[in-house]
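Visitor: Here's a structure for you.
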Amino acid sequence: MTAITRQLAEFAAQVRFEKLPLQVQERAKWLLTDVVGIALRARHEAESTPSLLAAVTGLGLAQGKSSAIGDHSTYSPAGAALINGTLAHSLDFDDTHAPGSIHSSAPIVPAAFAAAEMAGAGGRDLIAAIVAGYEVQIRLSLALVPKDHYDRGFHPTATCGVFGAAAAAGRVFGLSADDIASAFGIALSQAAGSMQYLVDGAYTKRFQVGYAAMSGLVAATLAREGFRGAVDAIAGKAGFLRAYSPNPVYENAVAGLGEHYETMGIAVKPYPACRYSHAAIDGLTDLRARDGIDPKQIDVVEVGLPRTGWKIIGDPLEAKQRPQSVVDGQFSMPFVAAVALREGTMAWDHYARHLNDSETLRLCRRVNVIVDAQAEAEFPRHMSAVVRVRTKRDAYEKFIAIAKGEPENFVSLDELRAKFDGLVQPYLSKTRREAVARALLCLEQADDVGAVLRLTRPDQETPQKAAAGAD
């Protein structure tokens, strides 16, 4: 077994809640609270959810006692992991790690939840497992070199996520380092995720993250029962890093492992859109508020991004200016820019309101997206942007180096709760959402993770729609 595979497996097997730095413990709880709120809203409002649930039922995965967030029905452990992982990524509102160009919680937290219900685990083990999963997933993405991995058409959240999910589930199960290494070998056969969804706004981006959660759980469960996975899964001759990237930087997978926590580099999203758009949204909303820009008076908007971001949300420009679906909108810099300029923010409910709005689409066609040298210089450490707005009377410009929610500009607890409450408010009463938030933010006190998940079941017979912009 190579040293890299062994080190990652040993770390995942040995991590303990009480040995984690306090700030890492707290950050993990904030992150899982955030992703639960997202998944709950997506359970009821993401347009891909009905077909997902129908397929899960058709596959026989609706038979079991495991919890799907925000759902009164129960499922098999694999079904719950698939559903929760897909829901967590369905609004494109979930957390991100900028240098790894990756979403962390969506594939990992659902795998850990499902494993915890299988094992009857408590909150302390769950938190330790989630941190193990974060560290494995993020470090693998850094080792792949995200730009190279993207250029090959891969989606690192899913491809790396299956290993993080396997690490998290394995840690919940109390697997040895040898068994977790075997789980990695099983996960290697399931590492998948394609960027082809960008062509037509397909649901596959959501699904492949949920599938990574389920596959990681499957890998850890097989390993627990003695099923042997391939050795040297990470750095072997046909291992993950060599097979999925042309020039991997192997040392990135283990540099500072157990001493420096990449978990602290995970950002929370204020807006339900691709993270590459957030610095630009910050800049446009700041200009709108500061200078009183009237969207009707705008002639031209120019957004400058790092090249990787431009490829995802700015190119081809003509298609990005004419989004046809929510997924298109989530990956359209012109669309989210137009909404931000009209609304002063970007919220989940704005997709339904603006995708067919003639004024918004007219403004979309006035938004140009370019590769900006200053933003490129900040990348990959930051997903920066420059915005320029020219109206009939004046011109405005602003550069945003660090988007709101990044570790250096992180959300406050009040901001985190406002996002959570805005997402779950239509489905949970005030009393219930207080109970859910309290249980998640004090998760180390829980003896039964399943009891916490059951609190997410809606307690309002008629959904109470949130006020515009609340989420």
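Visitor: Just to be sure I understand, how many residues within region 269-317 are open to solvent by 20 Å² or more (accessible area, probe 1.4 Å) and hydrophobic (A, V, I, L, M, F, W, C)?
Guide: The qualifying residues number 4.
Visitor: Collect the residues in region 330-349 that are at pLDDT 95 or above and in a helix (DSSP H, G or I), keeping them in residue-number order.
Guide: 333, 334, 335, 336, 337, 338, 339, 340, 341, 342, 343
Visitor: Examine region 319-329 for a residue that is free of Cβ contacts under 8 Å to residues at least 24 places away in the same chain and in a helix (DSSP H, G or I), and state whether such a residue exists.
Guide: Just the residues of region 319-329 that are free of Cβ contacts under 8 Å to residues at least 24 places away in the same chain, to begin with: 319.
Remaining after also requiring in a helix (DSSP H, G or I): 319.
Yes, because at least one residue in region 319-329 is free of Cβ contacts under 8 Å to residues at least 24 places away in the same chain and in a helix (DSSP H, G or I).
Visitor: Let me ask you something else. Against the conditions (1) among the hydrophobic types (A, V, I, L, M, F, W, C); (2) open to solvent by 30 Å² or more (accessible area, probe 1.4 Å); (3) closer than 26 Å to residue 179 by Cα; (4) in contact (Cβ under 8 Å) with a residue 12 or more places away in the chain, where does residue 243 fall short? Just the number, please.
Guide: Only one criterion is unmet by residue 243, namely (4).
Visitor: Would you please name the residue that is nearest to residue 97 (Cα to Cα), looking only at residues in region 375-418 that are in contact with a strand residue (DSSP E or B) (Cβ under 7 Å, 6 or more places away or on another chain) and charged (D, E, K, R)?
Guide: Top of the filtered list is 406.
Visitor: When you check residue 39 against the structure, is it in a helix (DSSP H, G or I) and over 25 Å from residue 68 (Cα atoms), yes or no?
Guide: no
Visitor: Could you check how many residues of region 52-66 are open to solvent by 60 Å² or more (accessible area, probe 1.4 Å) and in a helix (DSSP H, G or I)?
Guide: 3
Visitor: Please specify each residue of region 156-215 satisfying the condition of being open to solvent by 10 Å² or more (accessible area, probe 1.4 Å), more than 27 Å from residue 273 (Cβ to Cβ), in a helix (DSSP H, G or I) and not hydroxyl-bearing (Ser, Thr, Tyr).
Guide: Scanning region 156-215 gives 171, 172, 173, 177, 178, 179, 186, 188.
Visitor: Can you give me the number of residues within region 223-278 that are under 28 Å from residue 336 (Cβ atoms) and part of a loop (DSSP other than H, G, I, E, B)?
Guide: Start the filter on region 223-278 by keeping residues that are under 28 Å from residue 336 (Cβ atoms), which leaves 262-278.
Then keep just the ones that are part of a loop (DSSP other than H, G, I, E, B); that gives 268-274.
Count: 7.
Visitor: Take residue 116 and tell me if it is crowded, with 24+ Cβ neighbours inside 10 Å, in a helix (DSSP H, G or I) and in contact with a Leu (Cβ under 9 Å, 6 or more places away or on another chain). Walk me through how you get there before you give the answer.
Guide: On the way: crowded, with 24+ Cβ neighbours inside 10 Å: yes; in a helix (DSSP H, G or I): yes; in contact with a Leu (Cβ under 9 Å, 6 or more places away or on another chain): yes.
When the stated conditions are applied, residue 116 passes them.
The values are calculated or read from the model by the stated rules, or taken from the named source; none is laboratory data. Predicted model, so just to flag it, every value in this text is computed and none were measured. Backbone-built Cβ (ideal geometry, glycine too); neighbour counts: all protein chains shown. These area figures cover heavy atoms from the full protein model, side chains too; ligands, DNA and RNA do not enter into them. Shrake-Rupley method; radii C 1.70, N 1.55, O 1.52, S 1.80 Å.
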